[in-house]
Amino acid sequence: MRQAIDDIARIVGATNVKITKVPTLALRVLGLFNTDIRELPKTLYQFEVPFIIDDSETRTTFGLVPTPWDEVLKSSIAFYSKD
């Protein structure tokens, strides 16, 4: 997560971006009032250890290649920057 935020900050020219961890207990309490937040504790495992996806079968089967990360970020930032 830290790396993704740093990459976004670099592209938009932001510096010293501060992020903090929300305690699991806080997510569970907030989940009592918000159904979207209620689901977050179920996905925390994705942030505790490296989350590696093997796309080799998809590449082989469909001939797809991944879009470079910086291109994905620039495109997403441009989309959400539209007024």
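Structural remarks
- Val29-Arg10 pseudo-label distance in nm [points 7 Å out on the Cα-to-Cβ vector]: 3.7
- Surface/4 of the Cα convex hull for the chain, nm²: 8.3
- Each Lys and Arg Cβ is given +1 and each Asp and Glu Cβ -1; about its Cα centre, region 2-81 then shows a dipole of about 420 debye.
- Applying 0.36 nm per residue to the separation of Val49 and Lys18 and subtracting their alpha-carbon distance, the gain on full extension is 9.0 nm.
- Exposed trypsin sites (Lys or Arg not before Pro) absent: longest stretch of the chain, with sites in DSSP loops and at most 11 other Cβ within 10 Å deemed exposed: 22-81
We did not get these values from a lab; they are worked out from the coordinates using the rules stated. This structure is a prediction, so every number in the text was calculated from the model and none was measured. Note that each Cβ is placed from the backbone with ideal geometry, even for glycine, and that neighbours are counted across all protein chains shown.
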